[in-house]
Amino acid sequence: MTTVLNEPAIPGQAGVLLAELGDRAVRCDLYDEVGAPVYHDLAGQGTHEVRELLTLVRAVPGPVLDLAAGSGRLTMPLLALGRDVTALELSGSMLKLLAARLATAPEALRDRCATVRADMSDFALGREFGAIVLGTTSISLLDAPGRKGLYESVRAHLAPQGRFLLSTVDMELGAAAPAETEFEFTADSGRRYRMFEHWTAGAEARIVTVFPAVIGEGQVEVCTTSIRVLSADLVEEELRHSGFVVCTRRVLPDVGARHHSVLLEAEVAA
Ligand SMILES: C[S@@+](CC[C@H](N)C(=O)[O-])C[C@H]1O[C@@H](n2cnc3c(N)ncnc32)[C@H](O)[C@@H]1O
């Protein structure tokens, strides 16, 4: 069964396309059992954040906790650093994809990975980590109470001098910029997708909708996700309120004209 976790109304051209498909459209969340393979397929795009995160993780000793690990886009390179890695993820479908990936990985790597199905806003693993990573701007999936719980849980799991490494996206819209942007691209699998992102300046969230680029006969999977827009300033302020000090803030190369990914490195305040 397809579980729609958070089904937003689809605005713009994406909404028009969805309406045209009528009951041929199978709507899914990007992280459920239908959407997870699509997410996994798309997750190969963009490696800059991975390189930056690995550089920061190398600088701190000890095991690593990869929060919202998904199908392991960050988990696998973290394991390749030679560290013990715990991959924490809420979606069973994503964890299945990660397990399949680990099953084909070298034993020496697989043996250093533990997977946990848990909520990043409230977890208790009974151990400490040198680095806790929350990449791919996944903090935007949590509401304010969820983020408070995240910061508390992270604090409770950071070793002395440990680092919390997380990314978010600053959004910017020029006066003439359209609310909706559209990209078409070919994923690593060779499948082609059409992705729409809808955001109006000041809106709490952007809505991303993914269609196959070529619409065939029969049912068509349409994946959506609603992503909160959390500025780096807001996340920094929340971190400070929750007892962290932000040590560094790096702006990553743009992934689109209106997205500016920012990587924050934080530690528990003395
Ligand atoms: C943008 S994906 C990032 C996955 C992976 N880190 C990557 O880089 O590809 C966000 C992930 O967060 C997971 N997720 C959503 N809410 C969560 C929660 N409360 N706790 C843990 N994981 C969650 C989703 O299932 C999804 O796999």
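The values are calculated or read from the model by the stated rules, or taken from the named source; none is laboratory data. No experiment lies behind these values; they were computed from the predicted model shown. Every residue, glycine among them, receives a Cβ derived from its backbone with ideal geometry; neighbour counts consider all protein chains shown.
Before moving on, here are some points about what is shown:
- Single residue of the stretch 71-89 satisfying the filter (under 16 Å from Leu134 (Cβ atoms) and assigned to a helix (DSSP H, G or I)) that is nearest to the ligand (Cβ to nearest atom): Thr75
- Of all positions in the stretch 183-192, none carries a residue that is over 30 Å from Glu265 (Cβ atoms), of a type in the set (Ser, Thr, Tyr) and in contact with a Pro (Cβ under 8 Å, 6 or more places away or on another chain).
- Where a residue in the stretch 109-123 is free of Cβ contacts under 8 Å to residues at least 40 places away in the same chain and near the ligand (Cβ under 9 Å from one of its atoms) and its partner, wherever it lies, is part of a loop (DSSP other than H, G, I, E, B) and among the hydroxyl-bearing types (Ser, Thr, Tyr), with Cβ under 9 Å and at least six apart: Arg117/Ser91
- Here the stretch 124-147 is the region considered, the condition is being among the charged types (D, E, K, R) and within 13 Å of the ligand (Cβ to nearest atom), and the residue that is modelled with the highest pLDDT is Arg147.
- The set of residues from the stretch 120-162 being of a type in the set (Gly, Ala, Ser) and farther than 17 Å from Ala269 by Cα comprises Ser121, Ala124, Gly126, Gly135, Ser138, Ser140, Ala144, Gly146, Gly149.
- Residue count for the stretch 7-42, restricted to those that are within 18 Å of the chain's Cα centre (by Cα), of a type in the set (Val, Ile, Thr) and part of a loop (DSSP other than H, G, I, E, B): 1
- Within the stretch 83-102, residues that are among the hydroxyl-bearing types (Ser, Thr, Tyr) reach partners that are outside any loop (DSSP other than H, G, I, E, B) and more than 9 Å from the ligand (Cβ to nearest atom) with beta carbons closer than 7 Å, at six or more positions or on different chains, in the pairs Thr86/Leu65; Thr86/Ala114; Thr86/Val116.
- Scanning the stretch 237-263 for residues that are surrounded by 15 or more Cβ atoms within 10 Å (Cβ to Cβ) and farther than 29 Å from Pro178 by Cα yields a total of 5.
- Cβ pairs under 8 Å, 6+ apart, first in the stretch 43-70 and at pLDDT 95 or above and in a loop (DSSP other than H, G, I, E, B), second more than 11 Å from the ligand (Cβ to nearest atom) and hydroxyl-bearing (Ser, Thr, Tyr): Pro63/Thr86; Ala69/Thr115
- Residues of the stretch 193-223 that turn out to be buried (at least 18 other Cβ atoms within 10 Å of the Cβ), within 15 Å of Glu172 (Cα to Cα) and in contact (Cβ under 8 Å) with a residue 60 or more places away in the chain, as a count: 1
- Counted residues, the stretch 35-70 - those being of a type in the set (A, V, I, L, M) and more than 13 Å from the ligand (Cβ to nearest atom): 4
- Every residue from the stretch 121-157 that is out of contact with any Gly (no Cβ under 8 Å at 6 or more places or on another chain) and under 20 Å from Asp84 (Cβ atoms): Phe123, Ala124, Leu125, Gly126, Arg127, Val133, Leu134, Gly135, Ser153, Val154, Ala156, His157
- Residues of the stretch 37-62 that turn out to be in contact with a Gly (Cβ under 8 Å, 6 or more places away or on another chain) and small (Gly, Ala, Ser), as a count: 2
- Test result for Val154, touching a strand residue (DSSP E or B) at 6+ places or on another chain (Cβ under 7 Å) and either surrounded by fewer than 22 Cβ atoms within 10 Å (Cβ to Cβ) or closer than 23 Å to Leu42 by Cα (or both): no
- Test: residue in the stretch 90-97 that is more than 26 Å from Val246 (Cα to Cα) and outside any helix (DSSP H, G or I): yes
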